[in-house]
Each structure stands twice: as C-alpha cells, then as structure tokens.
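Bear in mind that the values in this text are calculations on the coordinates, not laboratory data. Because the structure is a prediction, the values reported are computed rather than measured. As a convention, Cβ positions derive from the backbone with ideal geometry for all residues, glycine included, and neighbour counts pool all protein chains shown.
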Amino acid sequence: MARLFTEFGEKIDRTMPLSEYPRPQLQRDSYLCLNGEWDYAIYPRCKEFDGYQGKILVPFSPECILSGVEKNVTKDDILYYSRRFELPADFKKDRVILNFGAVDYCCEIKVNGKYAGENKGGYFPFGFDITSLLTSGENTLTLEVTDPSESGTQARGKQTTKRGGIWYTPQSGIWQTVWLESVPENHITSIKIITDIDKGAVLIKAFFSGNADTGLARIKSQGKTVKECALDSNGEADVAMGDFCLWSPETPFLYDLEIEYGQDKISSYFGMRKFSIAKDEAGIPRIMLNNKPYFHNGLLDQGYWSDGMYTPPDDEAMIYDIATMKKMGFNMLRKHIKIEPLRWYYHCDRLGMLVWQDMINGGGQYSMFTIGIRPFIGNIMDDSNYKAFSRQDKAGREEYYVDAKRMIEALFNVVSIAVWVPFNEGWGQFDSKKAYDFFKQNDATRLIDHASGWHDQGIGDFKSPHIYFRPIKMKRDERPFVLSEFGGYSLQAKGHMYNDEKFFGYRKYYDQESYQQAYIKLFESKILPLIPKGLCATVYTEVSDVEDECNGLLTYDRRVIKLDVEKIMELNDKLKI
C-alpha cells in the first residue's frame, strides 16, 4: 500500500506538533503542551515490559506514518508511553491538571511511578489533578494502553483489523493533544451556554471546583464589551442581548465570552442561532435555521488522513478541508462515526459550516443480513432485537449511554452542531426510541436523526434514508425528508491513492471529465427537482478518499481536488429553499 503524505504532514513541527491551545471554548493563559517525541514500546500482554523500543511522535497513533512507528497494536498487546517534563518556574498555581484530548481505548496513567488515573473510551477528552504526584525538577509521565478493536463491543467506529472497502485500518493510543494547565484552588471546571434567539437572551452556566466570593461574565463583540453581569450563587447568568447578530453559515458571527471566578479566568465564545422544525408556507415540514427554512447541503466527512489517520497533521489541515468544502458552496458536514479534536469544531464555528455529529458505533460483529441485505430489500427490523443487531452485551449497551453523555457534554457549546445522529445503518443500533429520548433530555436545542440510513423506527426528527443504488423517491411523512447519504461516485487518481489498482466506490470513473459530468447530472436530475417537493437536506459521500474508498471530492493525501471548484459552487448555489 502507498505511503501517502499530505503537504501538511510534510512540514509538521516534530518538536511540538499541533501545539495550538486544544480547548477553544474554555481557554486559560495557563498552557503547557506535551506533544512531541515520547518513548514507546509494544509488548504482548503475556510478556513483561522490557524497556522502551524507540520514539513516537505524540499525538499520532503508532499505526500511522507521522508517528514514526508504523506498527499495529493488536488486542493482545499493551502499548507503553513515557515522557519527561519540567514545569516552568512561573507555571504552577495551586493545582496542576493533566489533560488528554483522546486516547484509544483504555489507558492507565502514572506520574513519577504513582497512579494518576485511568480512562475508558477512545474519543473523549479527560484529565486528572496530578498536583500531589509532582516533584521539583524533572517529572515522568507514563501510560499503558490497550485496545480490543473490533473484538470488543466498545465504540470503535470504522476500525477493523480486516480492513478494506468502507472499513479502515485500526489505530490505538494517544491521538489528540496532551497538555498541562495550572489553576487556582477554586476554579472553573466547565461551562454550558444556551442561546435563545426568540427571547433574545443567552444563559451562561459555570461549574466550579471549590468556593469563591465572586463570579462575573463579560460578553464582547469585536473587542468591545457589550454585556457584563454577575453570576448568581449557582454560577448562572441569564443575559438579555438586546440587539444581536445571528450566526449562520453565511454570516458566522461569534461573540467572545470571558468568565471570572475568584482568581480564575477563562475565555470562550458563542453564537446566537436556533435549530428547529416547522412547516413552510406550502405545509411541508422543513428544517429551520433561525426560524426560517434552510436547506442543509452537506457531505459525509470521515476525518481520516493518509499520514495521520485519525489525527490531522496540523491545524491548517483541519481548516483546509472545511474551507475547501465551503468554497465549493457546501454548508454542512456530517461528521461520520468519529469525534474530532475540539479545534475542528471551532473552525466550523468561525468559518460557518453546519455539523451533523454521529455517535460512534459499537457492538459485536455485525450481521451483513441485518445491516445490508434486509434494509436493501425494504425489510426494516425492530431494533429491540439485540441478537440481530449484535448488541447482546448488556455492559456494551450501558457503555453506549456513558459515551453518548460524554460526547454531548464535550460538544454541547459548539455553535455549528445542528444534529445528533445516535445510530448509522444499523451498526450496533438498539432501542433507538430510548436513545432519541436520552439525547433530547440531555440537549433539547438540537435536532436528532435517530437511525440514519436503515431500520427507521418511525420516530426521530427526520425521515432519513441512504440511497446509492435505486431511484430516489420521497414518501409523505410528518417528519422532514433528508437524504443522509447518497452518491459515492469514485474517480481513480493514480499516484494519490492508497491502492492504485484496487479501489472501492458505488460508481467508478477513470477520467475527470466523465466523473464531473456524472456528478453534476446526479444533482441536476435527481436532487434539484425534489427540493420543492420537500427534500430538506442532502449528504453526498464524501469529502475525501479513505484508504480503498475513493469516492471523495479530495484525494486521501488532499493534493487533488477532483471537481472544478467554480462549477460545483454554481451548482450548489441552486440547492436552496
């Protein structure tokens, strides 16, 4: 298989890659990035640790090119990490927090040989107070990581050791930024921001560790303070905005937010917007943005990189994907079976790109009869049948809700997220009515696509089929009709492919002209006529190629844009309500 580097990966700073502050909506002036070269080793579980085997570039997983390792971690292995660090003289306040953006899948952390904590779940940020474990001078941070990949029932996405087609090489270990911050004894642990454009207000909730006498929220616009108010004893402030600017993909206006709590101070931001469903003047149910019908013209976005796999090579790489799709005239990305670093969502917020966020799929080994054959012939199943959907493991079902809550909490303040997608194509789907209620209870501000693709249980906010091989037909439904996957046309771009000879796609092309003509014809003949009849959103497959899957508008190495940008922008300009 080809070793494909992106332009971004070729120029990364190997001393400290991805060094930008990783948490844009809760940012302090206290920040010490621990990315860079660490010691690593991979040993079978049956063998004792026998020393480190080399260097790995964190936060890149050992399986990927940019890590400098390019070795697989199997379910029978333990992945070991070690890194030494010293705290700058002016860094330490009262407490020191060690933060991880994400580690796949299960890890135990020690500082100076003493237990700091452990985490289970490969897609979520977490941290530990390590103040009592630190010494003056040099400190040592170590991790032990295990990852069952597809042999477990945990959330794992598209990772499988039997890669090929729409399934990809598994990755393990640290894959997002590792960093330290120092905070006062009494400090802000998290915030929650709820905007209400109908009332013209924003509710700010701050959660604290310890007690302080004062709390203050300050809202700024273009550097000027527009509102300032005290937080009540519960850490809340319900702020009337007066005249305010709305956020949308066309005008992605963001307000800056500062919160002070005792000696602690954080910076954040928010946007005034509303996602809802209502009927248009013709009585057709539509997706609304800011109380007006708005067509979501999107792409499936897997978020894989040829050199970094799960991890984008740098901040500019994240920006490139979003900005290029925006330049083509798209206004939405469906983040497919993956949770990105928080900076990716920040760039969607500031550039103006709506996001449909998938929950990560898990469960046992999927039955092709359930996830492929039955839905293709129109045989929709009751998803309380745990055996058919490979969800017999009760602990795995319970872990789904733990993970779903962590996802919602981590991404709640993201301005651009319009839709949660609890399940995709029956991959580990179960009790979706319960899941729908769970998501609504934890976040009433967004829409929910309860079962994208197959096995619609007749609930949720959308009718949401995936149609690749048959005519697109709309049936009347009280829910808005969204085409949440379609297209998947593939263009062979030799020299920029994971496998130049073998590639996957739903319809294959070998020259750019015929590929582009087919793409434009698909939209003009199949999509545009359905919008006046009630089509509310489309998700074309997809942003970029991933391994054998070559149906991206960009090649896997991001070096080739397969379509003429201006022509696609003109086409997308027609996809409006």
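Summary of values
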| quantity | calculated |
| --- | --- |
| Packing-based ranking, highest mean first, of 164-172, 361-369 given that Cβ atoms within 10 Å are counted | 164-172, 361-369 |
| Of Ile319, Met16, Ile373, farthest towards positive along the dipole that unit charges on Lys, Arg, Asp, Glu beta carbons give the chain | Ile373 |
| The stretch 133-192: trypsin sites (Lys or Arg not before Pro) in DSSP coil with no more than 13 other Cβ atoms inside 10 Å | Lys162 |
| Selected from Ser172, Val111, Ser132, residue furthest toward positive end of dipole (the stretch 86-174; charges at beta carbon) | Ser172 |
| The chain - mean residue ellipticity at 222 nm from DSSP helices (-39,500 (n - 2.57) per run, n ≥ 4, rounded to 500) | -4000 deg cm²/dmol |
| Sum of side-chain charges, Asn297 neighbourhood, beta-carbon under 12 Å (Lys, Arg +1; Asp, Glu -1) | +3 |
| Dipole in debye (nearest 20) - the stretch 198-270, about Cα centre, beta carbon charges: Lys, Arg +1; Asp, Glu -1 | 140 debye |
| The chain, dipole about Cα centre (Lys/Arg Cβ +1, Asp/Glu Cβ -1), debye to the nearest 20 | 1600 debye |
| Packing-based order for 104-117, 481-494, using average beta carbon neighbours within 10 Å, highest first | 481-494, 104-117 |
| Dipole moment magnitude, nearest 20 debye, the stretch 275-572 about Cα centre, only Lys, Arg, Asp, Glu C-beta charged | 960 debye |
| Anisotropy class of the stretch 274-409 from Cα gyration tensor, a/c 1.5 cut | oblate |
| Dipole of the stretch 186-289 [Lys/Arg +1, Asp/Glu -1 at C-beta], most positive-end residue of Met241, Phe270, Leu216 | Phe270 |
| Cut-off under 5 Å, modelled amide H: who pairs with Leu34 long-range | Val178, Trp179, Leu180 |
| Relative packing of peptides 334-346, 399-411 - highest average C-beta neighbours within 10 Å first | 334-346, 399-411 |
| Net charge of neighbours whose Cβ lies under 11 Å from the Cβ of Gly210, counting Lys and Arg as +1 and Asp and Glu as -1 | -2 |
| Of (1) 3, 17, 27, 28, 18, 6, 1, 0; (2) 3, 14, 20, 22, 18, 12, 7, 3, 1, 0; (3) 3, 15, 23, 25, 20, 10, 3, 0, the label for P(r) over Cα pairs in 10 Å bins from 0, in percent derived from the coordinates | (1) |
